[in-house]
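Engineer: Structure below; questions to follow.
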Amino acid sequence: MAETESARSPLMELLYLSAPTVAQSVSYTAMQFIDTWMLSRLGTEEPTAAGNAGMLAFSFICFGFGIMLVVNTLVSQSYGRGEYNHCGRYLWQGYWVALVYSILVLPMVLLGPGVFRAAGHSANLSHLEGQYMQIVLSAVLLKMVATASGQFLLATNRPNSVLVAAVTGVLVNAAVAYALVFGNWGAPKLGVAGSAWAQNAGVFTEMCIATFFSLAFQSRKFGAFDLKPRIHEAIKLVKLGAGAGLQIVADVLAWTIFLVAVMAQLGENAMAANQFMFRYMVVSFMPAWGISQAVTALVGRYIGMRKLDVAIERAHLGFKVAATYMLLCGMAMALFRYQLIHIFTSEPEVVRLGAILLIFAGIYQFFDAMYIVYNGALRGAGDTVVPGIVTAVLCWGITVLGGYLIARYLPNLGVAGPWLACTAYGILLGVFCFVRFQRGSWKAIHLEGSANSNVIMESAKLPITDHRPLATDS
């Protein structure tokens, strides 16, 4: 429904923008949870295969995914400056960059079970992992376009459109998975492959709806049909997005190797327990990720309005909300750890290992909230390169190398050993992002360019006491 330009409390402003993105994240989380549960009815290998292969597939996608997230930064700052007709330019540069990146990534579809066999996985597990990864990688372009459209909608204050697209995609995913995983409604029983095709169907649906909303409503105001390839804007998007992409690649690929190689040293039961524990980690961090996207948009918007003090306030408020939620999740993980793992399996050893891992997951939550939200705030300010480098160094140095050495040379510690390294990584990265944002070096970053200097000079004359959002949408 249409928003009138009226004053809101800071909390209500954050909730207005973040509630749909949180609901979107919850819908994704619910689908991942349901997919894992469906596959767990077939055994422990199937959900393990989907989890491992899904992480590796996303490792190839996530550099481009990081670039698409920066569409939010550039569009929200243009929105905050009142340059509405420039917003569509960055949307379309996102689409063009997505097309080029997808062409570069598609050859990875040729990778098969050999990647997982090299990590020491059994022949059957490797076969299932290879299938899942190849199917998911075939939809790279769909995922990236959906992300660019969603970030554009958030930045132009249309979060409800993002929610509609995401929820519809999740419902399609669920229906197709129910049909193809189990062979219901006359469909073939495809198991793990069916789950992958269902995910692609959901992503395609989400992409179509988000792109329709991006182009159909207020398209003239936001320049949504400014589809001309623009080298300057595309280079700006890629340069700024490279830091965000590097950060996500470093994080996701490191966690992938941690799952498929480090935990593999401890056996398939350990990998299965880790996958089940991760489903609960996702329940915790995905809503925080939704808050982070809202913080990215708000920080970018208020920087565009030359209200740095308000940008800082919104970042701290976002952290308080996310940390409260994630701490509650952490307590639930620790207190109900056995019951939670039993939802997926009754294998005694998997339950025992999963319960141990949920204790570490519970401890991890507060610092993960710190990392997720303040990293989103830094991204909204355009500060992506240094956080990307630090994430890469810490994640690979501590999670991967440290976890591997502990698993190899201190196997008596079991699954607790590698997760001691993971917990140390989470604490250090969370504190780093908070300290970097607090120090304020991002205030020296200017993304508007000389072409917009008159707009910036005029905006600098505006009073900074009016903290109302430029709310205009549905």
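The values are calculated or read from the model by the stated rules, or taken from the named source; none is laboratory data. Treat the numbers as computed from the prediction; the structure is a model and nothing was measured. As a convention, Cβ positions derive from the backbone with ideal geometry for all residues, glycine included, and neighbour counts pool all protein chains shown. These accessible areas exclude ligands, DNA and RNA; they are computed on the full protein's heavy atoms, side chains included. Shrake-Rupley method; radii C 1.70, N 1.55, O 1.52, S 1.80 Å.
Engineer: Scan (1) open to solvent by 40 Å² or more (accessible area, probe 1.4 Å); (2) closer than 23 Å to A50 by Cβ; (3) in a helix (DSSP H, G or I); (4) without any contact (Cβ under 8 Å) to a residue 40 or more places away in the chain for the single condition Y178 breaks and write down its number.
Structural biologist: (4)
Conditions tested, residue by residue: (1) touching a residue at least 60 places away in the same chain (Cβ under 8 Å); (2) surrounded by fewer than 19 Cβ atoms within 10 Å (Cβ to Cβ).
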position: S195; (1), (2): yes, no
position: T205; (1), (2): no, no
position: F217; (1), (2): yes, yes
position: K228; (1), (2): yes, yes
position: E233; (1), (2): yes, no
position: A250; (1), (2): yes, no
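Engineer: Moving to a separate point now. Evaluate the following for V109: is it open to solvent by less than 20 Å² (accessible area, probe 1.4 Å), touching a Leu at 6+ places or on another chain (Cβ under 8 Å) and among the β-branched types (V, I, T)?
Structural biologist: When the stated conditions are applied, V109 does not pass them.
Engineer: With the condition kept exactly as written, say whether any residue in region 372-379 is in a helix (DSSP H, G or I), out of contact with any Pro (no Cβ under 7 Å at 6 or more places or on another chain), open to solvent by 10 Å² or more (accessible area, probe 1.4 Å) and within 30 Å of V431 (Cβ to Cβ).
Structural biologist: Yes: one or more hits.
Engineer: A177 passes all but one of (1) touching a Gly at 6+ places or on another chain (Cβ under 9 Å); (2) at pLDDT 90 or above; (3) closer than 30 Å to A407 by Cα; which number fails?
Structural biologist: (3)
Engineer: May I ask you to list the residues in region 352-394 that are of a type in the set (V, I, T) and more than 16 Å from the chain's Cα centre (by Cα)? Don't jump to the end; show me each part of the working.
Structural biologist: Narrowing region 352-394 to residues of a type in the set (V, I, T): 356, 359, 363, 372-373, 384-386, 389-391, 393.
I356, I359, I363, V385, V386, I389, V390, V393 - these are the residues of region 352-394 that are of a type in the set (V, I, T) and more than 16 Å from the chain's Cα centre (by Cα).
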